[in-house]
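Have a look at the structure below, then the notes.
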Amino acid sequence: MELLPRSPAEFGSARYWDRFFRQRGQQSFEWYGAFPELCPVLHKYVRPRDKVLVVGCGNSELSEQMYDVGMCEDIVNIDISDAVVRQMRERSASTRPKMSYLLMDMLQMDFPDAHFQVVLDKGTLDALLNDEEEATLAKVDQMFAEISRVLQVGGRYLCVSLAQAHVLKKAVEYFSQEGWVVRVHQVASRGDEQQFVLPVFVYVMTKFRKVPGSAAQILEICPEEQDKPMRVESAERLVAAVKDRQHYALLCSQINKSPCREQVSLDLCDKESGKPRYTLHVVDSPSVKPSRDNHFAIFIIPQGRETEWLFGTEEGRRQLAASAGFGRLLTVALHREQHYEGMASIQAELSGKVMELAPPGLPARQQVPFLSVGGDIGVRTVRHRGRSPLSGEFIVEDVKGDGSCYFRRLIFLQNRNVVQSEARLLAPTPLPGQKKRRKDKKKGSPTEAPGAIDKSYLCCEHHKAMVAGLCLLGGPDALPGELAVLVVGLGGGSLPLFVHDYLSQARVAVVEIDPSMLEVATRWFGFSQGERMQVHVSDGLDYVAKLAAEAPAQYDAIMFDVDSKDLTVGMSCPPPAFVEKPFLQKVKTILKPEGVFVLNLVCRDTRLKESVLAALRAVFPLLYARRIQGELNEILLCQPGAAGRRGPAELGVRARALEGALRQPGRPWDSSYALADALQAVHIL
């Protein structure tokens, strides 16, 4: 039996609706949900003594149920279909004496002005506004004008809708320009014989007298029935907020029906500030054989560890899900701008929302476990916030890593998921005679001041590979006596500090464009200048160009570890200008003939990366590459002459010799350095 119209225009045809309701018979047709789902919103805006008009009533049971539960009895229903009006009169004649059904076109109503306190519309606007043709928009304007005419000041127009963008925008713009207060509620809805993927909304337009010359608009959204309204600035923002909720509902519908082939991510935002509070990744493991207890789990990533490979990359999360042994693992990252009481409060806050992302086949009333590392949410303490004209907003934070180790990190908030610089913190040393405070095993102490910076420790794997690249200097068994090293890009200063401290005859020049970073490195990362360590606040491009013109061939090693501020380019390190052929020629000019140029390259764009490598090969005949496992970083070791070509075995010997030279008695050394291992996978390009 064909009930749908042949064309959208038929939605406005009385003949179509007569045929529709004759074919459907007595069975009610509920557009966008039944009374139980709509009742919580209707109760807020419909009072028992209100006179209510229902436009385009159809054969929905909504009016009858409102009457039967005592919400309101003075209800007038109108429709353009004579068949449905007669049908509904027969249904309610004996049981609902105060309710009436009239054959009437809502575009030309016979009621006097200001006759109703409430006008209720369930799907009628959506049916009428089926396109944006001029004739259709004119009908909608006529509908709105009639509703406005028959409503009293202070009355409410309640419109139940799927909130297609053009429908919502039209309603919001029309009534807000008339000086009405516009509020949009999101409600749960399951239609009779239909399952709408998109959520149902109720527009609540409250009529006020239009104040001449006033441009103020009051636009609000209530994401859930219990929420307080949230004010939005414009119709465009209101439409966007609704669209976000529609996309979320569509996502939930998709992942509830079938496993995810790709990882899905989304942000859950704080209701007050609108800022992200949780970042969720849905990770499915097809290899896990489902049983009653391993369908679904939630993994809370400890604060500060969301950038680690295991939690911050797709492959890492895939391995985490597989090792956890659940068919679907939902990882949850906590945001630094938000406050969290503890695991129990996070679980209480997320329990309802995460179940919307449950996998298909999850048994009813299944207990879903919340997992974490060590059972806690980690420790993150923001030590400093700042803003630089060049780097934008940034923070310095201390986070707890594995075990009892703490780390200090520099984060640029324009790229908040990337750790710009990192240093390990030494454990606090008690003063002589001071008793060591007993640890409270139940409560951590996130505000306890950590120790000083551990300058002997290189946190970043790519820094270890960059240091290992210095083994290309000198003979097979020893470095040259004195080294002149240029480092472009200071960050927290850990790379130049390590070179300075462990190569006692090295003279290190650092070029940093942002004076704020020099201040941060000095105050928060233990960086200091001296006779063998000098910082030049300058653009690296200008500094190298000036040296190339004035003092060529003066550096044994040049290291580029400089980030790009342009996030639109598929290369985050270095900026593209640093790897253009003319500039690379200048780098070669200031490098000694036996020297090494070490470049940290982070490039997602395959074509761009190929062009960078082509430019490097054109300038430096000898080029080694070392890809950092689990990261995008690739360390390129470039030399001006091809005569010194060395295979992996010889590089390993040289790296071990370099490690021996750096490991001096009385100087701390971390076993994780293993410089030979840092060059193990190096290959010649």
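A quick yes/no check of all residues on (1) in contact (Cβ under 8 Å) with a residue 24 or more places away in the chain; (2) open to solvent by 50 Å² or more (accessible area, probe 1.4 Å):
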| site | (1), (2) |
| --- | --- |
| Ala83 | yes, no |
| Arg86 | no, yes |
| Asp105 | yes, yes |
| Met109 | yes, no |
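Checking Gly540, Gly474, Gly493, Gly469 one by one, the residue that is on the phi > 0 side of the Ramachandran plot and either modelled with pLDDT of 90 or more or open to solvent by less than 10 Å² (accessible area, probe 1.4 Å) (or both) is Gly493 and no other.
The requirement of being in contact with a His (Cβ under 9 Å, 6 or more places away or on another chain), over 24 Å from Tyr624 (Cα atoms) and in contact (Cβ under 8 Å) with a residue 60 or more places away in the chain is fulfilled nowhere in the stretch 525-548; no residue meets it. Within the stretch 579-597, the residues that satisfy the criterion of being open to solvent by 10 Å² or more (accessible area, probe 1.4 Å), of a type outside the set (D, E, K, R) and in contact (Cβ under 8 Å) with a residue 40 or more places away in the chain are Phe583, Thr589, Pro593.
Of all residues in the stretch 312-332, those that are within 22 Å of Met355 (Cβ to Cβ), open to solvent by 10 Å² or more (accessible area, probe 1.4 Å) and touching a Leu at 6+ places or on another chain (Cβ under 8 Å) total 3. Select, from Met66, Met99, the only residue that is more than 18 Å from Cys159 (Cβ to Cβ), free of Cβ contacts under 8 Å to residues at least 60 places away in the same chain, surrounded by 22 or more Cβ atoms within 10 Å (Cβ to Cβ) and not hydroxyl-bearing (Ser, Thr, Tyr). Residue meeting the stated conditions: Met99. Within the bounds of the stretch 340-351, is there any residue that is outside the structural domain of Leu632 (by the TED database), assigned to a loop (DSSP other than H, G, I, E, B) and either in contact with a Pro (Cβ under 8 Å, 6 or more places away or on another chain) or surrounded by 15 or more Cβ atoms within 10 Å (Cβ to Cβ) (or both)? Yes, the conditions are met somewhere in the stretch 340-351. Does at least one position in the stretch 229-252 carry a residue that is at pLDDT below 85, assigned to a loop (DSSP other than H, G, I, E, B), open to solvent by 50 Å² or more (accessible area, probe 1.4 Å) and out of contact with any Phe, Trp or Tyr (no Cβ under 8 Å at 6 or more places or on another chain)? No, there is no match, as no residue in the stretch 229-252 is at pLDDT below 85, assigned to a loop (DSSP other than H, G, I, E, B), open to solvent by 50 Å² or more (accessible area, probe 1.4 Å) and out of contact with any Phe, Trp or Tyr (no Cβ under 8 Å at 6 or more places or on another chain). Of the residues Lys51, Lys44, Lys98, the single one that is among the basic types (Lys, Arg) and either touching a strand residue (DSSP E or B) at 6+ places or on another chain (Cβ under 6 Å) or at pLDDT below 90 (or both) is Lys51. With Ser63, Ser92 as the choices, which residue is assigned by the TED database to the domain that holds Val119, touching a strand residue (DSSP E or B) at 6+ places or on another chain (Cβ under 9 Å) and either modelled with pLDDT of 90 or more or aromatic (Phe, Trp, Tyr) (or both)? From the options Ser63, Ser92, the qualifying one is Ser63. Remark: pairs (first residue in the stretch 567-578, in a loop (DSSP other than H, G, I, E, B); second residue of a type in the set (Gly, Ala, Ser); Cβ separation under 7 Å; 6+ apart in sequence or on different chains) = Pro574/Ser564; Pro575/Ser564.
Only residues that are hydrophobic (A, V, I, L, M, F, W, C) and either assigned to a helix (DSSP H, G or I) or touching a Pro at 6+ places or on another chain (Cβ under 9 Å) (or both) were counted in the stretch 61-96, giving 8. Here is a check on your reading of the model: is Gln217 open to solvent by 90 Å² or more (accessible area, probe 1.4 Å) and either of a type in the set (S, T, N, Q) or modelled with pLDDT of 85 or more (or both)? So Gln217 fails the test.
The values are calculated or read from the model by the stated rules, or taken from the named source; none is laboratory data. Computed from a predicted model, the values in this text were never measured in an experiment. Neighbour counts are summed over all protein chains in view; Cβ atoms, including those assigned to glycine, are modelled from backbone coordinates with ideal geometry. Side chains are part of the model used for accessible areas, which takes the heavy atoms of the whole protein and leaves out ligands, DNA and RNA. Shrake-Rupley method; radii C 1.70, N 1.55, O 1.52, S 1.80 Å.
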